[in-house]
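**Q** Would you mind keeping the following structure in view while I ask a few things?
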Amino acid sequence: MCFKNGEGIVVFYRFILLNPLPPQEKGGYYSRMEQKDIIPRIGTFFIVIGIGFTILFVISDIANAISFNYFFTGLLLGGIGLYFRRNTEKPPSSGRFEAWKKILSKEKKEKKD
């Protein structure tokens, strides 16, 4: 297939405009990528990369070739990651330790009496 004078770009844009992405329905493929869900994931990515740069700083210190650029880059990326993660919703309780909590609460009530 050979395109001349930018025909490929026009065909590509027509394909995108005529075949839009499916609507975001509950349980659909694209429903996981909503903005409120993607920002904390990006924050987690920055935190992990920041930890990686901090580890590179420690390795450079061990190798007697200290590079503070790794340290400050790690701090910066970690801070950006924490900033993005600040408004995450806490996950719902899984109920795994409900029995343990009941036992502890009964013991506290018995100690009060």
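The values are calculated or read from the model by the stated rules, or taken from the named source; none is laboratory data. Everything quoted here is computed from the prediction, not taken from an experiment. Glycine also receives a Cβ, built like all others from the backbone with ideal geometry; neighbour counts cover every protein chain displayed.
Residue-wise test of (1) closer than 27 Å to R41 by Cβ; (2) assigned to a helix (DSSP H, G or I).
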site: T54; (1), (2): yes, yes
site: N64; (1), (2): no, no
site: L75; (1), (2): yes, yes
site: G79; (1), (2): yes, yes
site: F84; (1), (2): yes, yes
site: E89; (1), (2): yes, no
site: P92; (1), (2): yes, no
site: R96; (1), (2): yes, no
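**Q** In the stretch 62-113, what count of residues is obtained for those that are loosely packed, with under 10 Cβ neighbours inside 10 Å and in contact with a Ser or Thr (Cβ under 8 Å, 6 or more places away or on another chain)?
**A** So the answer is 0.
**Q** Of all the residues that make up the stretch 67-113, how many are among the aliphatic types (A, V, I, L, M) and at pLDDT below 90?
**A** Summing the residues that are among the aliphatic types (A, V, I, L, M) and at pLDDT below 90 in the stretch 67-113 gives 3.
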